[in-house]
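The values are calculated or read from the model by the stated rules, or taken from the named source; none is laboratory data. Just so we're clear, the structure is a prediction, and the values are computed from it rather than from any experiment. When we count neighbours, we look across all protein chains shown, and the Cβ atoms used for this are built from the backbone with ideal geometry, even at glycine.
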Amino acid sequence: MCQDNSLQTLILHDNNLTGSIEETFKGCTNLTELNLLGNHLHGEIPGYLAELPLVSLELSLNNFTGMLPDRLWESSTLLQISLSNNQITGQIPDSIGRLSSLQRLQIDNNYLEGPIPQSVGYLQNLTILSLHGNGLSGNIPIELFNCRNLATLDLSSNNLTGHVPRAISNLTLLNSLILSYNQLSGAIPAEICVGFENEVHPDSEFVQHNGLLDLSYNRLTGQIPAAIKKCSMLMVLNLQGNLLNGTIPSELGELTNLTSINLSSNGLVGPMLPWSAPLVQLQGLILSNNHLNGTIPVEIGQVLPKISMLDLSGNVLTGSLPQSLLCNKYLNRLDVSNNNLSGKILFFCPMDGESSSSLLFFNSSSNHFSGTLDEPISNFTQLSSLDIHNNSLTGSLPSALSDLSFLNYLDLSSNDFYGVIPCGICNIFGLTFANFSGNHIDMYSSLDCAAGGVCSTNGTGRRVAHPSHRV
């Protein structure tokens, strides 16, 4: 392959190659780029690769085993190393610090263990460091924050402990920080936003601007710092699954580039929307499983004009469900279950010449909603899941339910509905689950209807729960 020594770039990704590369490329003395991604290569990564003039080494998505070779870090030319998704074991060697020219290092999803070596601080040209999905332990070394060119740092899905160091303020170019699924504790440092204050693109072909801050599933405590307002370029904020308390800071309303906020499964209290200025880019807001109280603001449609996913479940919210929220043309997933909401669910939306609702998933179960389920529900033609069980809804079931042709999940159980189940429901082709139990449904008439339609167990085999009288 390299007999004439002229080969400089070799790209063989996704070719079902097998075997080892123990001696394969020894003679490629002018090779600067080697890409073997996505094959079935095995064996150890040979140290002789450091003797080649390689600039880029891509060995991800193979079956390489063994430890990281010490010799690899003696290269004087390598700028990019990607070894992700292999079966590499052992520790990251201290000798990693020798490769001072390195700009990008990815060793995700292997079996590395032990601490991140302090010598990583010598990699001062590093722009991307990604070590997620290993078994790394210990604290995040303070020396890491000497790598002042870092734009992406991903240490997620390891066993790291200790605090998020305040020295993170050294990383002024940082625009993607992912520390999720570790055992980090302590408060979120106020300095966390230094790298998200300005949109900066370091001079490296490997850097991508993400605007991502993910500290989810750790043991972080305290309040979300008001200094979060300095993260002006932040697009995605995920603090899910920690032990945070206090209120949602109103300063979040100043982050106009946000597209997604996830603060679920913490101990947050107070209002769910403590700002009034519109976040016009925000598409996802997940605040479930906290202790948020108060009402859902009537003006929520103006504050979140392009929201597509809103999850407020598992809180102690009171008051009614704003009609403008249900009728938001961008909203396709709404979950307000397990709260103390009351009043009538208003499915009526003003028609504007086109479908007035894009809602696909609606869950308002386990609240105190009352009133009837009216015919305008047929305007919600895109609904695939409707769950309003365990409320105090009453009246007969509207025939308009039969017009929800995309419905596959329907739970109306544990309410005060009476009458019969509209026969047309049994003809909804994709319906796989329906529950009418715990109501005052005329069981016998409804069963006669079901027996003649596609709900029949000897028809399509779809499982539809039988109606039953409330005891």
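Pairs meeting the criteria (first residue in the range 251-262 and under 16 Å from GLN223 (Cα atoms), second residue part of a loop (DSSP other than H, G, I, E, B), beta carbons under 6 Å, at least 6 apart or on different chains) are ASN262/GLN240.
Within the range 295-372, considering only strands (runs of 3 or more DSSP E) that don't extend past its boundaries, which have at least 3 residues that are under 22 Å from ASN415 (Cα atoms) and not hydroxyl-bearing (Ser, Thr, Tyr)? Let's see the steps before the verdict.
Numbers: elements: 309-311, 333-335, 342-344, 361-363, 368-372.
Correct list: 361-363, 368-372.
Just one of the listed residues (ALA227, ALA277) is at pLDDT below 95 and over 22 Å from LEU174 (Cα atoms), namely ALA277.
If you check SER156, SER130, SER101, SER119, which single one turns out to be in contact (Cβ under 8 Å) with a residue 40 or more places away in the chain, within 20 Å of LEU72 (Cβ to Cβ) and of a type in the set (Gly, Ala, Ser)? Please lay out each step first, then the result.
Values: SER156 fails: within 20 Å of LEU72 (Cβ to Cβ); SER101 fails: in contact (Cβ under 8 Å) with a residue 40 or more places away in the chain; SER119 fails: in contact (Cβ under 8 Å) with a residue 40 or more places away in the chain.
Testing whether each residue is in contact (Cβ under 8 Å) with a residue 40 or more places away in the chain, within 20 Å of LEU72 (Cβ to Cβ) and of a type in the set (Gly, Ala, Ser) leaves just SER130.
Considering LEU321, LEU325, LEU310, LEU373, the condition of being farther than 25 Å from GLN281 by Cβ and not polar (S, T, N, Q) is satisfied by LEU373 alone. The set of residues in the range 431-442 that are at pLDDT below 90 and either more than 18 Å from ALA400 (Cβ to Cβ) or part of a loop (DSSP other than H, G, I, E, B) (or both) contains only ASP442. Counting just the residues of the range 232-251 that are of a type in the set (A, V, I, L, M, F, W, C) and under 19 Å from the mean Cα position of the chain (by Cα), which one comes out surrounded by the fewest Cβ atoms within 10 Å (Cβ to Cβ)? In this case the residue turns out to be LEU243. With respect to the conditions (1) surrounded by 20 or more Cβ atoms within 10 Å (Cβ to Cβ); (2) within 26 Å of the chain's Cα centre (by Cα); (3) modelled with pLDDT of 95 or more, ARG333 falls short on a single one, namely (1). The residue that is surrounded by the most Cβ atoms within 10 Å (Cβ to Cβ), among those in the range 373-414 that are part of a loop (DSSP other than H, G, I, E, B) and touching a His at 6+ places or on another chain (Cβ under 7 Å), is LEU412. The set of residues from the range 417-430 being part of a strand (DSSP E or B) and closer than 17 Å to ILE377 by Cβ comprises PHE417, GLY419. Applying a threshold of 9 Å to beta carbon distances and a minimum spacing of six or more residues, or different chains, the list of pairs starting in the range 46-74 at a residue that is in a loop (DSSP other than H, G, I, E, B) and ending at one that is among the basic types (Lys, Arg) reads PRO46/LYS26; PRO46/ARG71; LEU52/LYS26.
Scanning the range 142-169 for residues being within 19 Å of ILE228 (Cβ to Cβ) and not hydroxyl-bearing (Ser, Thr, Tyr) gives a total of 7.
Just name the residue that is modelled with the highest pLDDT out of those in the range 396-414 that are polar (S, T, N, Q) and out of contact with any Ser or Thr (no Cβ under 7 Å at 6 or more places or on another chain).
Taking the range 396-414 first, the residues polar (S, T, N, Q) are 396, 399, 402, 405, 408, 413-414.
Cutting the leftovers down to out of contact with any Ser or Thr (no Cβ under 7 Å at 6 or more places or on another chain) gives us 396, 399, 402, 405, 414.
On the way: SER396: 94, SER399: 90, SER402: 91, SER405: 91, SER414: 97.
This residue is SER414.
From the list ARG104, ARG98, exactly one residue is buried (at least 21 other Cβ atoms within 10 Å of the Cβ) and either within 26 Å of the chain's Cα centre (by Cα) or not hydrophobic (A, V, I, L, M, F, W, C) (or both). Which is it? Of ARG104, ARG98, the one residue that is buried (at least 21 other Cβ atoms within 10 Å of the Cβ) and either within 26 Å of the chain's Cα centre (by Cα) or not hydrophobic (A, V, I, L, M, F, W, C) (or both) is ARG104.
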